[in-house]
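All remarks here apply to the structure that follows.
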Amino acid sequence: MAQTIQQIYDLVIAGGRKNDPRTKKEIDVQLKEAREAYKKLDKKKKPYFDKDRLKNPYADSRVIYGKMSTKVKTLFACIDAEVQEILLVNELNKQGEKIDLIFTHHPEGLALMDLTKVMPIQEAVMGDLGVPINVTEKLLDPRAKKIDRALHADNFNRVADAARLMEIPFMNCHTPADNYVHKYLEKFVKEKRSKMRYLKDLTEALLDIPEFAMGAKMNSAPVVVAGSPSSKLGKVAVTGMTGGTSGNEDIYEALNKAGVSTILAMHMSEAHREKAEKQYLNIIVTGHMSSDSLGMNLILDQLEKKKVKVISGGGLLRVKR
Ligand SMILES: [Fe+2]
Ligand SMILES: [Fe+2]
């Protein structure tokens with residue numbers, strides 16, 4: 001039983017919505033606003049509107065190359081697909097594999113250029129932690145603009161070109177997978193919180209998650225990067241798991257005011273870490289590849305149940321549940 005690319009895309013978006021930190025209503029408002037914006041455009045401007053925005057609330061997740069009707073029996077799942085992964089898949093196919101689709105996490109092509117459009121998800125994450133909307137909004141706006149300007153320099157279609165030339169369908173699933181990570185870790189922390197006292201209790205508990213255990217075996221275990229393993233946990237906040245990319249480094253002051261003591265993040269730049277440390281926050285970094293793998297695995301398991309064969313590579317730590 002193969003799945004079409006359309007069916008895979010629909011499954012990805014539905015799962016992203018189900019695990020989204022925002023309410024269903026909020027996501028529907030976003031789609032409604034996109035439809036209204038499209039309607040208002042004059043004929044000349046309509047061809048430039050990314051029509052996927054009318055149905056897909058995740059601007060950083062797209063079918064980058066290929067036809068929606070293509071049947072997929074085998075896919076190559078990865079965290080990053082660069083030109084080398086496209087060549088690798090082509091080589092594997094030459095050796096007898098029949099890979100119908102490259103299914104990567106991080107955005108490429110047109111999905112990369114609109115990365116900042118998913119950043120407002122961070123408003124919901126911060127809102128749940130007690131940071132008022134006006135604060136998050138005002139901090140996110142300049143940060144998103146800065147990222148947009150930096151993206152102007154990017155050779156964004158290079159990988160898509162490789163997929164096109166090799167005729168290998170190519171899609172990415174970024175924020176939907178990251179939403180799974182956010183929800184999963186929030187639930188995990190909530191369930192275990194009463195049994196934990198120190199940061200080291202949480203870093204140890206995280207090893208119960210197979211992707212983090214795998215990461216640990218490859219010298220990439222969850223680690224305390226601010227505070228010490230014997231610091232008390234206090235109020236734990238799962239941040240920096242979803243919402244496109246890291247937000248404004250001034251958000252840590254707001255998190256401090258909201259009563260947060262410990263932050264759980266996938267990865268953190270030194271500039272962010274220093275600002276968070278100045279706000280007396282403890283930080284546990286869970287590991288970029290193991291965390292991104294967790295979200296992808298939760299989606300890949302669903303695809304395998306629909307009889308799609310998964311070949312993993314490109315940094316994905318594949319675990320089946
Ligand atoms: Fe991610
Ligand atoms: Fe990532």
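The values are calculated or read from the model by the stated rules, or taken from the named source; none is laboratory data. What you see is a predicted model; the values in this text were computed from it and never measured. Because the Cβ atoms are built from the backbone with ideal geometry, glycine has one as well, and the counts that use them run over all protein chains shown.
The figures follow:
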{"quantity": "Residue satisfying condition, being within 13 Å of ligand 2 (Cβ to nearest atom) and either touching a Ser or Thr at 6+ places or on another chain (Cβ under 7 Å) or farther than 23 Å from VAL89 by Cβ (or both), within set THR239, THR286", "calculated": "THR286"}
{"quantity": "One residue from ALA163, ALA177, ALA205 being more than 29 Å from VAL118 (Cα to Cα) and in contact (Cβ under 8 Å) with a residue 12 or more places away in the chain", "calculated": "ALA205"}
{"quantity": "Top-ranked residue in segment 263-284 [being more than 11 Å from ligand 1 (Cβ to nearest atom) and within 14 Å of ASP178 (Cβ to Cβ); ranked as surrounded by the most Cβ atoms within 10 Å (Cβ to Cβ)]", "calculated": "LEU264"}
{"quantity": "Pairs with Cβ under 6 Å, 6+ apart, first in segment 256-285 and within 23 Å of GLY244 (Cα to Cα), second outside any strand (DSSP E or B) and aromatic (Phe, Trp, Tyr)", "calculated": "LYS275/TYR252; ALA276/TYR252; LEU281/TYR252"}
{"quantity": "Count of residues meeting criterion [closer than 22 Å to ILE13 by Cβ and within 16 Å of ligand 1 (Cβ to nearest atom)] in segment 147-180", "calculated": "10"}
{"quantity": "Among the candidates GLY287, GLY295, GLY313, residue that is closer than 23 Å to GLN7 by Cβ, within 16 Å of ligand 1 (Cβ to nearest atom), at pLDDT 95 or above and small (Gly, Ala, Ser)", "calculated": "GLY295"}
{"quantity": "Residue in segment 244-252 that is under 24 Å from LYS200 (Cβ atoms) and away from ligand 2 (no atom under 16 Å from the Cβ) present", "calculated": "yes"}
{"quantity": "Residue in segment 297-320 that is under 26 Å from LYS117 (Cα atoms) and in contact with a Cys (Cβ under 6 Å, 6 or more places away or on another chain) present", "calculated": "yes"}
{"quantity": "Yes/no for LEU110 being under 20 Å from the mean Cα position of the chain (by Cα), in contact (Cβ under 8 Å) with a residue 40 or more places away in the chain, in the same structural domain as ALA150 (by TED's automatic domain parsing) and in a helix (DSSP H, G or I)", "calculated": "yes"}
{"quantity": "Flag if ASP208 is surrounded by fewer than 19 Cβ atoms within 10 Å (Cβ to Cβ) and at pLDDT below 95", "calculated": "no"}
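The rows are residues; the columns are (1) outside the structural domain of ASN297 (by TED's automatic domain parsing); (2) touching a Pro at 6+ places or on another chain (Cβ under 9 Å); (3) surrounded by 16 or more Cβ atoms within 10 Å (Cβ to Cβ); (4) modelled with pLDDT under 95.
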{"residue": "ILE8", "(1), (2), (3), (4)": "no, no, yes, no"}
{"residue": "ILE13", "(1), (2), (3), (4)": "no, yes, yes, no"}
{"residue": "ARG17", "(1), (2), (3), (4)": "no, yes, yes, no"}
{"residue": "LYS24", "(1), (2), (3), (4)": "no, no, no, no"}
{"residue": "TYR38", "(1), (2), (3), (4)": "no, no, no, no"}
{"residue": "LEU54", "(1), (2), (3), (4)": "no, no, no, no"}
{"residue": "SER69", "(1), (2), (3), (4)": "no, no, no, no"}
{"residue": "LEU87", "(1), (2), (3), (4)": "no, no, no, no"}
{"residue": "ASN90", "(1), (2), (3), (4)": "no, no, yes, no"}
